[in-house]
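Asker: Before we start, here is the structure in question, set down as structure tokens.
Every read-out reported here was derived from the displayed coordinates using simple, explicitly stated rules and does not represent laboratory data. If you're wondering where the values come from, they're calculated on a predicted model, not measured in any experiment. Don't worry about glycine lacking a Cβ; one is built from the backbone with ideal geometry, like all the others, and counts go over all protein chains shown.
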Amino acid sequence: MTLRVAVVGSGPAGSSAAETLVKAGIETYLFERKLDNAKPCGGAIPLCMVSEFDLPAHVIDRRVRKMKMISPSNREVDIFIEKEDEYIGMCRREILDGFMRDRAVSLGTILINGTVHQLEIPKTSSEPYVIHYHDHATAEGGVGTPKTLEVDVVIGADGANSRIAKAIDAGDYNYAIAFQERIRIPEDKMAYYEDRAEMYVGNDVSPDFYAWVFPKYDHVAVGTGTMKPNQALIKQLQAGIRARAASRIEGGKIIKVEAHPIPEHPRPRRVVGRVALVGDAAGTVTKSSGEGIYFAAKSGRMCAETIVERSNSGKRIPTEADLKEYIKLWDKKYGITYLVLDILQRVFYRTDATREAFVEMCADRDVQKLTFDSYLYKTVVPANPLIQMKITAKTLGSLLRGSALAP
């Protein structure tokens, strides 16, 4: 037999899963409803993703080596990456996603430009899953031709509003809203953002997260995120970040407005039967930083690697227990990272006093190095015990000075 796998969604999670599967000789179908999709997203990726996923230079718009943190009182702290060959990559999602999808297709993945609207669950472990979809390549009246596809395994990589997650009753999760405007600013102002990004904190820009100005190829992305999905509030917060960054984006022209839900924690069930969820569909976005691109791609790859291994490179149909190995491996590798970032968000994003303490703490070079090493390489960096004690003391000192430890 030849294993047949359907991957629904061709973002970094879906495309990396499809690439891994097809390289192992598994018959792989990749569904994408909108081939020119540009997900609203800060677009920052860590250095390790460039090497791990073999991303070419043209995918990276900017190499950021300076980060400016701006507190509620407009205190500015500059953070620098010291090593010349290290940087945070800034990309446009339509470019990154398109490259990863095209590469998977070039290796043999069968791309279907279609919208999946139903997943028919088999009654036995040997029967196939039936995917009902509209094929947009043969559009009739703008909807597409109704078709079906039978497969042995399904990977849901279809985002926060995942239809695959609903089909397997994966459970709900809280989600944040990311809203951003792409703004083309004058050349002299764009020069300031050549290799610099900005993060703003404060109740005026987000009650529970942060706002950003991130440089792209020929514009900046100015946005905010919040776990309170209220349209009026989001409009108010976006006005807040535009006001805070006014002098640096003056004369800019909005070229695109975007909004998207971002999961705030993993779904209760990420594997049911022979269906596995990855990326936003699974809930792999981190707290505190809101990072999702690297972890999405990594989850897709790890899930696919588990399928390849457990199916003996497509020679047998994997079971639910087989697929759940991917979850065990994921939680073992990244569980502590998610826990720490969740605690940091709860501590430092509570009030403007805690946010002031957070920005003050970021001025410390030891804190900066530890933070960047952890972000760029996705490893828990073992700091020297004396440095660790110093960081802890500085953290407590910053919190106490700002009365941030008060309930």
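Asker: Nearest 10 degrees, 0 to 90: what angle lies between the long axis of helix 293-310 and the longest principal axis of the chain (Cα atoms)?
Answerer: 30 degrees
Asker: From the Cα gyration tensor of segment 1-65, with a ≥ b ≥ c the square roots of its eigenvalues, which class applies: rounded if a/c is under 1.5, or else prolate if a/b is larger than b/c, or else oblate? Mind showing how you got there, number by number?
Answerer: On the way: a/c = 3.35, a/b = 1.70, b/c = 1.96.
The shape class here is oblate.
Asker: For the chain, set up a GNM with springs between Cα atoms under 10 Å and report which of GLN238, GLN180, GLN118 has the largest fluctuation.
Answerer: GLN118
Asker: Also, I was wondering about something else. What number results when the radius of gyration of segment 146-229, computed over Cα atoms, is divided by 2.2 N^0.38 Å?
Answerer: My calculation over the Cα atoms of segment 146-229 gives 1.60.
Asker: Out of all DSSP beta bridges in the chain, what portion is antiparallel? Express it as a percent rounded to 5. All intermediate terms of the calculation are to be shown ahead of the outcome.
Answerer: Details: 51 of 72 bridges.
Of the beta bridges lying entirely in the chain, close to 70 percent run antiparallel.
Asker: Work out the FRET efficiency for VAL257 and ASN203 from their Cβ-Cβ distance, taking R0 = 22 Å, and round it to the nearest 0.05. Mind dumping the intermediate values first?
Answerer: Numbers: r = 23 Å, r/R0 = 1.04.
Taking R0 as 22 Å, the efficiency between VAL257 and ASN203 is 0.45.
Asker: If you don't mind, there's one more thing I want to ask. Could you work out how much longer the chain between ASP342 and ILE121 gets when fully extended? Use 0.36 nm per residue separation minus the Cα distance between them, nm to one decimal. Please list the in-between numbers first.
Answerer: Details: separation 221, 0.36 × 221 = 79.56 nm, distance 3.48 nm.
Contour length minus Cα-Cα distance gives 76.1 nm.
Asker: When the helix-only estimate is applied to the chain (DSSP H runs of n ≥ 4, each -39,500 (n - 2.57), divided by the residue count), what is the mean residue ellipticity at 222 nm, nearest 500 deg cm²/dmol?
Answerer: Values: 12 runs with 148 residues, N = 407.
Only helices count here, giving -11500 deg cm²/dmol.
Asker: Under a point spin-label approximation (7 Å from Cα along Cα-to-Cβ), what is the ASP169-LYS328 distance to one decimal in nm?
Answerer: Modelled inter-label distance: 2.5 nm.
Asker: When only Cα pairs under 8 Å and 6 or more residues apart are kept, what is the percent relative contact order across segment 186-288?
Answerer: Numbers: 113 pairs, mean separation 19.3, N = 103.
Relative CO of segment 186-288 lands at 19 percent.
Asker: Here's something else I'd like to know. For segment 217-273, I need the span (max minus min coordinate) of the C-alpha atoms along each principal axis, in Å, sorted largest to smallest.
Answerer: Its Cα atoms span 54, 28, 15 Å along the three principal axes.
Asker: Would you mind putting 1-8, 155-162 in packing order, based on average other-beta-carbon counts within 10 Å, highest first? Show your work: numbers first, answer last.
Answerer: Working: 1-8: 22.4, 155-162: 26.2.
Taking the mean over residues of other Cβ atoms within 10 Å, the ranking is 155-162, 1-8.
Asker: Whole Å is fine, so just give me how far the alpha carbon centre of segment 277-322 lies from that of segment 215-248.
Answerer: When both Cα centres are located, 32 Å separates them.
Asker: For segment 57-102, just say rounded, prolate or oblate: build the C-alpha gyration tensor, square-root its eigenvalues into a ≥ b ≥ c, call rounded for a/c under 1.5, and beyond that prolate if a/b exceeds b/c, oblate if not.
Answerer: Details: a/c = 5.30, a/b = 1.90, b/c = 2.79.
It comes out oblate by the Cα gyration axes.
Asker: Among GLU32, GLU291, GLU120, which comes first, second and so on when ranked by fewest other beta-carbon atoms within 10 Å?
Answerer: Values: GLU32 25, GLU291 20, GLU120 14.
Going from sparsest to densest Cβ surroundings: GLU120, GLU291, GLU32.
Asker: Using only the Cα atoms, what convex hull volume per residue in Å³ does the chain have?
Answerer: On the way: hull volume 60.1 nm³, N = 407.
It is 148 Å³ per residue.
Asker: Could you tell me how many degrees, from 0 to 90 and to the nearest 10, lie between the Cα long axis of helix 12-23 and the main elongation axis, the longest principal axis, of the Cα atoms of the chain?
Answerer: That helix lies at roughly 40 degrees to the long axis.
Asker: With axes computed from alpha carbons, what is the tilt in degrees of helix 352-361 against the longest principal axis of the chain, rounded to the nearest 10 within 0 to 90?
Answerer: Roughly 90 degrees between the two axes.
Asker: When the gyration tensor of segment 275-352 is built from Cα positions, what are the square roots of 5 times its three eigenvalues, in whole Å, from largest to smallest? The partial results should precede the final answer.
Answerer: Details: eigenvalues 192, 23, 15 Å².
For segment 275-352, the ellipsoid semi-axes come out as 31, 11, 9 Å.
Asker: Another one. Cut-off 19 Å, label point 7 angstrom out along Cα-to-Cβ of ALA232: give me the residues of segment 240-261 whose amide nitrogen falls inside.
Answerer: 240-241
Asker: A further question on this structure: Report the net charge of residues surrounding ALA38, where surrounding means a beta-carbon distance below 12 angstrom and charges are Lys +1, Arg +1, Asp -1, Glu -1.
Answerer: Values: positive: LYS34, LYS39, ARG92, ARG93, ARG182, LYS216, LYS256; negative: ASP36, GLU94, ASP97, GLU258.
It works out to a net charge of +3.
Asker: What is the calculated FRET efficiency for ALA191 to ARG316, with r their C-beta to C-beta distance and R₀ = 41 Å, to the nearest 0.05? Provide the component values of the computation, followed by the final result.
Answerer: Values: r = 58 Å, r/R0 = 1.41.
Efficiency for this residue pair is about 0.10.
Asker: What does the extension gain come out to for THR148 and ASP78, with contour length at 0.36 nm per residue minus their alpha carbon separation? Intermediate values should be presented prior to the final figure.
Answerer: On the way: separation 70, 0.36 × 70 = 25.20 nm, distance 5.42 nm.
Here the segment from THR148 to ASP78 would lengthen by 19.8 nm.
Asker: Label points 7 Å out from Cα along the Cβ direction at ALA246 and ARG365: separation in nm?
Answerer: My value for the distance between the label points is 3.7 nm.
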